[in-house]
1. Applying the Karplus parametrisation 6.51 cos²θ - 1.76 cosθ + 1.60 with θ = phi - 60° to the phi angles of the stretch 101-113, what ³J(HN,Hα) value in whole Hz is obtained for each residue in order, glycine and proline being reported as x?
2. So, in nm, how far is label A30 from label H76 when the simple model puts each one 7 Å beyond its Cα toward the Cβ?
Amino acid sequence: MVEQADTRHLGCRAFGRGGSSPPFGTRPDAAGYVADVGLAAALFCAVSLVTGYVVPKVAGVPKSQAVASSMEIGVHNATLAIYVAVEVLDSTRISVPAPVYSIFMFAFATIWGLVLTRRLVRAPQAV
């Protein structure tokens with residue numbers, strides 16, 4: 001039988017169980033988590049989006065497919081990362097970067113998508 005992880009340390013009731021004590025007993029708010037891992041998460045997100053576009057373009061992939069590749073690489077499945085950290089690895093501590101990455105992921109992917117699509121509209125390519 002598989003035991004469920006103790007999620008009382010998550011500081012939220014997002015998993016439908018658990019209490020309200022903050023992780024590590026120190027920071028009960030999202031701003032603290034962003035301060036802890038925000039820079040690394042933001043850089044990883046930005047580098048993933050740009051790399052996902054530039055590498056296919058260098059390889060000769062059409063622009064529209066390079067945009068799709070960029071979004072695929074830049075928009076990681078943070079929900080799965082949280083599940084694996086909490087339920088499989090039984091650690092709320094290592095689950096913290098995933099939701100912080102998600103905050104940046106949606107904002108950066110939206111901005112990056114707008115930049116790329118406007119650039120594609122200005123310079124249409126032959127099919």
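Nothing in this text is a laboratory measurement; each read-out follows from the coordinates by a stated rule. Please read these numbers as outputs of a predicted model, since none were measured by experiment. Glycine gets a Cβ as well: all are built from the backbone with ideal geometry, and neighbour counts include every protein chain shown.
1. 4, 4, 4, 6, 4, 5, 5, 5, 5, 5, 5, 4, x
2. A separation of 1.9 nm, rounded to one decimal place.
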